[in-house]
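Presented below is the structure to which this report refers.
Quick note: the coordinates plus some simple rules give every number you see, no bench work behind them. From a predicted model like this one, the values you see are computed outputs, not experimental measurements. Using ideal geometry, Cβ is built from the backbone for each residue, glycine included, and neighbour counts are taken over all protein chains shown.
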Amino acid sequence: MSNQYVEKVLSVHHWNDTLFSFRTTRNPAFRFEAGQFAMIGLMVEGRPLLRAYSMACAPYDEELEFLSIKVQNGPLTSRLQKIVPGDEVLIGRKATGTLLHDNLVPGRNLYFLSTGTGLAPFMSLIRDPATYERFEKVVLVHGVRLVSELAYEHFIREELPADELIGEMVAAQLIYHPTVTREEYPNRGRVTELFGSDDWFASLGLPVADAAHDRVMLCGSPAMLADMKVMLEGKGFVEGSSSTPATYVVERAFVEK
Ligand code: A2P
């Protein structure tokens, strides 16, 4: 048996010239938890060419969804960006990853801090009822350079709060804070600057995050992860894992090419 399912592309959405998302069929045997990733790719010269991609859909969706960058000479994404409905993609059978509720100890408010395509696992987690059952407020920060990189902005603001299953919880508990660093936009500043600013927490109407009460999940650029790790550990947060749940978790699997 192959390590991958062969699925069909159902739709492709190009957000801009560096970012796209796509939906595929889902083998009913493919199971995952919100926040996990799988190896996704294409057959290239008779061999599977695969990279880690977080599922951006909910675990209960009948289809799968992924968010990807486009790198013009990237071995996988130079090809993947050309997929059209009806094409076949490979989906690794085993989902894995660290951005799991069970890797965190219970807490008050939950922060999802992302840059770029690091948003993807949080697109799944903000559709997971467990997120809202376990925490009072859920803050999703998406940091990007350009406004056009704010994938899913309309969906998160307009569609998710109207969702039949989780809309009510989203409307009451989710705080979405997109932020843009290199263009004019209502929210500016890097994720690290925001999280390090007492005024930012006050602007959200929340107490400053602290390790005694709050929990953090990180996904995004390696530089952001490294800086956030230093900041969080300086504030007493401890990295959790499946063997030792703690107060923050990081996803390091990341598509760069
Ligand atoms: P900036 O524009 O100030 O570099 P990239 O496209 O390089 O992955 O960056 C995505 C977003 O992450 C950008 O808004 C970028 O801000 C921001 N970023 C880059 N490095 C860091 C970092 N070390 N800490 C926080 N945010 C970062």
Next on the checklist: Using DSSP to call loops (not H, G, I, E or B), can you name the GluC sites (Glu not before Pro) in region 1-101 whose Cβ has at most 11 other Cβ atoms within 10 angstrom?
Outcome noted: Glu45, Glu62
Item to check | Span per principal axis, largest first, for the Cα atoms of region 52-198 (Å) | outcome: 43, 36, 29
Checklist outcome for this item: Projected convex hull area of region 70-118, Cα atoms, direction-averaged, in nm², equals 5.8
Checklist outcome for this item: Rounded to the nearest 5, the percent of DSSP beta bridges in the chain running antiparallel is 55
Checklist entry - Which values of log₁₀ I(q)/I(0), to two decimal places, follow from the Debye formula for the chain at q = 0.08, 0.15, 0.16 Å⁻¹ with a uniform point scatterer at every Cα? => result -0.30, -1.08, -1.23
Checklist entry - Please state the Cα pair-distance histogram of region 126-224 with 10 angstrom bins from zero: what percent is in each bin? => result 14, 44, 37, 5
Checklist entry - Out of Pro48, Pro121, Pro178, any idea which swings most in a Gaussian network model of the chain, alpha carbons joined below 10 Å? => result Pro48
Checklist entry - Shape of region 197-257 from its Cα gyration tensor (a ≥ b ≥ c, root eigenvalues): rounded if a/c is under 1.5, otherwise prolate when a/b > b/c, or oblate? => result oblate
Checklist outcome for this item: In order over region 9-23: 3J(HN,Hα) from phi, Karplus 6.51/-1.76/1.60, θ = phi - 60°, whole Hz, x for each Gly or Pro, gives 5, 9, 7, 9, 10, 8, 6, 6, 7, 10, 9, 8, 9, 8, 10
Item to check | Cα centroid separation - region 19-86 against region 143-189, whole Å | outcome: 22
Checklist outcome for this item: Residue by residue through region 85-91, the couplings from Karplus 6.51 cos²θ - 1.76 cosθ + 1.60 with θ = phi - 60°, in Hz, x for Gly and Pro, are x, x, 5, 9, 10, 9, 10
